[in-house]
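What follows is a set of notes on a single structure, which appears directly below.
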Amino acid sequence: MRGHRSRLALVNAVPVTVFLLVLFVYPIIGVLSLSLKGDSGGFTLHWYADALSGVNLSVLLSTLRISAETAVLSLLVGFVLAHAIARMRPVFAALAMLIVVVPHFISALVRTYGWIIMLGDHGLINTLLTSLHVPGAPFPLLYNETGVVIGTTSVMLPYTVLVLQGVMRGVDGRLLAAAAGFGASRLTIFRRIYLPLVAPGIGTAGLLSFILCLGYYITPALMGGDKQTVVAALIDQQVMKQDQWNSAAAFGVILLLLTFAGLGVLGLAKLRRKKAAARRSSS
Amino acid sequence: MMELPATRAGHIGRALSATAILLFLAMPIVIILVTSFGADGIGTFPPKEYSTHWYEQMAAPGGNWATSIALSSLIASLTTVFSLILGATAATALARGRLPLHTAVYGLVLAPLLIPQVVIALGLFLFFEPAGMLGSPLAIALGHTVLAAPIAILIMISTLRGIDERLEDAAASMGANRMTIARRITFPLATPGLIAAAVFSFITSFDEFFIAQFMSTPDTRTLPVLVFNALQFDVDPTVTAVSAVLIALAVLALALVALVRRLGGHRDGRHALPVEPLT
Amino acid sequence: MPERTRSLTAAKLSADDLAAALAPRSSSPTGKSLSVTGLSKSYGGTTVVDGVDMEIAAGEFVTFLGSSGSGKTTTLMMLAGFTEPDSGSITVDGRDITELNPGKRDFGFVFQQYLLFPHMTVAENVAFPLQLRGVDKAEIRRRVGETLEAAGLSKFAGRKPRELSGGQQQRVALCRVLVYRPPIVLMDEPLGALDKRLRDQMQTEIKSIQRELGLTVIYVTHDQEEALVLSDRIAIMKDGRIEQFDTPRGLFERPRTPFVADFLGAANFLTGKAEDGGGDDCTRVRLDTGGVLTARAHPCVPGQSVRAAVRPGKLRLVGAEEGCCSGTVETAVYVGSLTRITVRLDGAAPGTQPLRIETAAVPPRPGERVCVTADRDDVSVFDATDGG
């Protein structure tokens, strides 16, 4: 029966494997080979040199900067929210999780549009601030980096909250109480006990939102100004308007490599934790 | 359970910050729902006058919006069918069988969820362009399946894991053959998961932008592509009504999944986002 | 069948009713015989079942008894067809079924976790195996109705399994198997999840149904008492082998290995030397602590080191009998109908266990001097090098 089972599994694994090899892996190899192909058909690194210099380089750098800002912000906001949810009464916690999760299933375009309505000079936020006579209001919140980071953060937040909530649920409240029993202050408990316990989740959540941000461009394209062009938007322009496929492919490969690097860090951290756990349990 | 007692200040601080952040998440959505019924169409909030004008505009037969809604529905339906076929088979292999190269296949399935979608879209563009298939609903649906099938597979895997395999053994011990077991035991028990997989495949495709954008032609633009263009170039207030409909669709879809799960006796609402395999 | 009112909680099942409802209309006996030869299974180099041989007669109730890891469940799974044996064969009434799929064997299998189908009602669960056999609808309705009625479950026919208590669920699971009258029923710790009182009641029910219908039942448990109550014969398993396959009385009175003596009777072991002239009929053991025990006839060589096993209830306290072993009472605990005492024999090496004795007579007090002996038929002798 065992032989039969692995045969059955093999047959069932065929459709998805073939499908993804043809429509996912092969096209990405196509991107890779196009990025290395010169105008006359020979091998070249010209497109990469082009992508890593001048205006293109600054677009790449601003993509990294926006992704990093988004990762940090969604981590901070996500941490505060996840921490609060972990200590809420179950009914409120469920409600809060609903508000976190439901938007994830609503088109990002729509959510971005909501932000555009809210952040404009006559939008809800500025109207509110002006009516409160906050000095400097109305603030320029749209078509600049502030707007972009606010928008992308709201898109990434469900991921960070869910990841962080997962590790926070795993923290044994009795450990914190025990530390308090030794006379530790709240700050010390937070810094020396709580943070180290949730640190793996913080790393994962931050990297995950950074990675997902890299190739994202709905929000930057709609809420950013000229200076907030990101790599993905550049790829779109080069394909749809300028017919520069090779250059687009080179940018695609750069995004891919950055993503792999991020995933590699995630994987290494996970491996280290596993090894440490194995050492602990074997000793 | 013993825990650190909460201080009053901490309690209030947490409540306030949580409320602010939840508002941050919910406000853009609420605002769209309200402005879609505003008469002026420039997004004044709150609107001075209410009307359903933009909804009528959206539904006008032969208009851009109605056409793209029909196209998106067609593509999403095709995607759902493809994803369910791939999802059911792949999940059976990954959750039930003793699959050689299990990790490799699982990694392949997860990869499309982590690779930048713009790269996948570019690859598909380069793949379908030489075949002259840009703008073909079938090609777009196949592209969407690259993103939707992994989600369907993850849902189906967790569904199958939730079904006690020995129930199938029990049926076998009474003389049921493989077909009967699948039809009478596994399939009925997996129905809530199948419905969830179908719903999420459908909205994944219906909301997908990158692939649809790269593979669109002036004649075939899906709803998200049209929305994007409307937001970037034209100022067509109809987009508020369209957005409100997309919100309603998502909420209805989630409610349907929650309902089916509850009827099926599943109480846990987790597995909502495919983040668990990553952590 | 007369209408009866049954209380839900007590659900006193009349097992005879259930048996009557299930009894075949024809006069052919229900059970079949089963024969197993050289059944073995190993997982990744670890041998789990190691050459099991047994003959089970039609209508016999046989139990595999052993601790976890003894191979009893794996053996049952191979009989059921869920696990493929590495070698060996299984025949039913002379027909080889080793290669057959579980469903083709026409066995019934009762699982520990009940495994009722959660999406079907109680009645649908019981009807399921009949539907598989193509029984016509009216007949299914009749047989399901009769079976549930007899099991005191009629009221629950339309309910889903999760609305039932554990005992009720297990009763449904039993009905679901018995309704199609399989000649051989395999049960894997079916009462393991129930509380003691319910377990006792279900044991009685299972036993009388089996006897009534003449079913062949093969049962797995780690509960000795359950095995003794239910079984015609018990196979004691250890390390994938059958240590002894015998009636409960045979296991108690003539344990073939120290393991069986210890496992079933919690025997006292006394070391000593064979005192006879050798051969197959040795009967005397001179104990290392002094004193002589007369034992059942066993093979020995003169002066051989042996261990004598005597169960606590079979050690007798005597005044001063010839050859008795003297010692001092250490503890005496009254546990109801009898008293458990421990006795340290004179000359026992420090650190060895004191003798455990159960007596219904007026017990001696701690510190009192006593002399201990046992009847010849209650003493089993093993080679000192035998494990156990």
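Couple of notes before you dig in:
- Ordering A:Asn144, C:Gly108, C:Val52 by Cα displacement along the dipole of the protein assembly as shown toward the positive end leaves A:Asn144 in first place; charges were set at the Cβ atoms of Lys, Arg (+1) and Asp, Glu (-1).
- Average other protein chain Cβ within 10 Å of Cβ, residues A:204-217: 3
- Rounded to 10°, Cα long-axis angle of helix B:8-35 versus longest principal axis of chain B: 70 degrees
- C-alpha long axis of helix C:166-178 to longest principal axis of chain C, angle in °: 70 degrees
- Cα gyration tensor category, rounded, prolate or oblate, for region A:53-273 with a/c compared to 1.5: oblate
- Student exercise, the protein assembly as shown dipole from Lys, Arg, Asp, Glu Cβ charges, in Debye to nearest 20: 1340 debye
- At 0.890 mPa s and 25 °C, Stokes D of the protein assembly as shown from Kirkwood alpha-carbon radius, µm² per second: 72 µm²/s
- Check: chain B dipole with +1 on Lys, Arg Cβ and -1 on Asp, Glu Cβ, in debye: 1020 debye
- Length, then width, then depth: along the principal axes, the Cα atoms of region B:117-263 run 65, 37, 21 Å.
- Alpha-carbon centroids, region B:170-212 and region C:239-262: separation in whole Å: 51 Å
- Test item: A:224-234 mean partner chain Cβ contacts at 10 Å: 1
- Shielding score for B:160-173, defined as the mean number of other chain Cβ atoms within 10 Å: 5
- Stokes-Einstein translational diffusion, region B:53-188 - Kirkwood Rh over all Cα pairs, 1.002 mPa s, 20 °C, in µm²/s: 121 µm²/s
- Pairs beyond 22 Å (Cα-Cα), from C:Lys41/C:Lys72; C:Lys41/C:Lys207; C:Lys72/C:Lys160; C:Lys155/C:Lys207; C:Lys104/C:Lys160; C:Lys32/C:Lys160: C:Lys41/C:Lys207; C:Lys72/C:Lys160; C:Lys155/C:Lys207; C:Lys104/C:Lys160; C:Lys32/C:Lys160
- Antiparallel DSSP beta bridges within the protein assembly as shown, as percent of all bridges there, nearest 5: 75 percent
- Order by protection proxy (mean Cβ within 10 Å, highest first), peptides B:180-187, B:131-138: B:180-187, B:131-138
- Most mobile listed residue (A:Ile218, A:Ile117, A:Ile235) in chain A, GNM with C-alpha springs under 10 Å: A:Ile117
- Two-decimal Rg to Rh for region C:260-309 - Kirkwood Rh, Cα set: 0.98
- In degrees, nearest ten, helix B:102-114 long axis to first principal axis of chain B (Cα): 10 degrees
- Cα shape, region C:185-237, gyration tensor, a/c 1.5 rule: oblate
- Residue among A:Leu45, A:Gly262, A:Asn56 farthest towards the positive dipole end of chain A, charges placed on Cβ: A:Gly262
- Rounded if a/c under 1.5, otherwise prolate or oblate - region C:258-383, Cα gyration tensor axes: prolate
- When the P(r) is computed for region A:32-98, the part past 15 Å accounts for 70% of the Cα-Cα pairs.
- Here the dipole of chain C is about 1360 debye; that uses its Cα centre as origin and unit charges on the Cβ of Lys and Arg (positive) and Asp and Glu (negative).
- Among A:Gln244, A:Gln165, A:Gln228, residue whose mean-square fluctuation peaks in a GNM of chain A (springs only between Cα atoms under 10 Å): A:Gln244
- Selection from B:Ser51, B:Gln232, B:Ala197, by position along the positive dipole direction of the protein assembly as shown (Cβ): B:Ser51
- For region C:23-123, the set of trypsin sites (Lys or Arg not before Pro) satisfying both a DSSP loop assignment and a count of at most 15 other C-beta atoms within 10 Å is given as C:Arg25.
- Taking a straight Cα-Cα cut-off under 26 Å and skipping sequence neighbours fewer than 8 places away in the same chain, the lysines within cross-link reach of C:Lys273 are C:Lys314.
- Under the span-like rule (Cα at least 18 Å along the axis, Kyte-Doolittle mean at least 0.5), DSSP H helices of chain A: A:2-20, A:54-86, A:145-169, A:195-214, A:245-282
Each reported figure results from applying straightforward, stated rules to the coordinates on display, with no laboratory input. Note that this is a predicted model, so its numbers are computed, not measured. FYI the Cβ positions are ideal-geometry reconstructions off the backbone, even for glycines, and counts take in every protein chain you see.
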